[in-house]
Amino acid sequence: MTRQFAALITTCTLLAMPASIHAQATAAGGDVRPEILRQLDGAWTMTGDVRGKPVTYRMVAKPALHGTFTELRMQDVQVPAQYEAAVFVGYDAASKTIIAHWMDSFGAKYSVPHGSGDITGNVVTFTIPYPSGSFRNTWRFDPATSTWQFALEAAQPDGSWKHFAGYALRRD
């Protein structure tokens, strides 16, 4: 076998891998998200605070990218809206890790880096290590009421965490 032929076969194999992974996900029902992330699907009203000031958002969550992520779209209810965010949360089963990409109306600079964390029971936790200081997101699902509580905390210089924002989510 020539080197060029071997390189061609290797390239074709690598190109086919994402298709085979997608085929496996599709064969498994097309949605590979953990059940806890599926519980976010739907339309929600989020009420709470950001830095102690009351806020209300509308949020829609749904599977995205062939069921490999949960996409959350949030927008405050002010007219015109003052804040909008798109959050993509996925789960890597091999490492048992949550991966979160938070993009919002503050701009591209604040969409880097991604967050990572885990799922423990009915709690999804991930931390985004921003250069100016980490943010920890803790999302708690209550199966008895089908509601969520989101808590966002900012890392402090002394290593503690301080409340940044909190929301109660109710289905619309």
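Is it true that some residue in region 128-135 is touching a residue at least 24 places away in the same chain (Cβ under 8 Å), under 22 Å from L40 (Cα atoms) and either assigned by TED's automatic domain parsing to the domain that holds R58 or touching a Phe, Trp or Tyr at 6+ places or on another chain (Cβ under 8 Å) (or both)? Yes.
Scan region 99-118 and give yes if some residue there is under 25 Å from G52 (Cβ atoms), loosely packed, with under 13 Cβ neighbours inside 10 Å and among the small types (G, A, S), otherwise no. Yes, region 99-118 contains at least one residue that is under 25 Å from G52 (Cβ atoms), loosely packed, with under 13 Cβ neighbours inside 10 Å and among the small types (G, A, S). Annotation: of all residues in region 63-95 being among the polar types (S, T, N, Q) and more than 9 Å from the chain's Cα centre (by Cα), the one that is nearest to T120 (Cα to Cα) is S95.
Residues in region 136-172 that are over 20 Å from M46 (Cα atoms), exposed (fewer than 12 other Cβ atoms within 10 Å of the Cβ) and in contact with a strand residue (DSSP E or B) (Cβ under 7 Å, 6 or more places away or on another chain): 2 in all.
The values are calculated or read from the model by the stated rules, or taken from the named source; none is laboratory data. What you are looking at is a predicted structure, and each value in this text was computed from that prediction instead of being measured. Ideal geometry is used to build each Cβ from the backbone, glycine not excepted, and the neighbour counts take in all protein chains shown.
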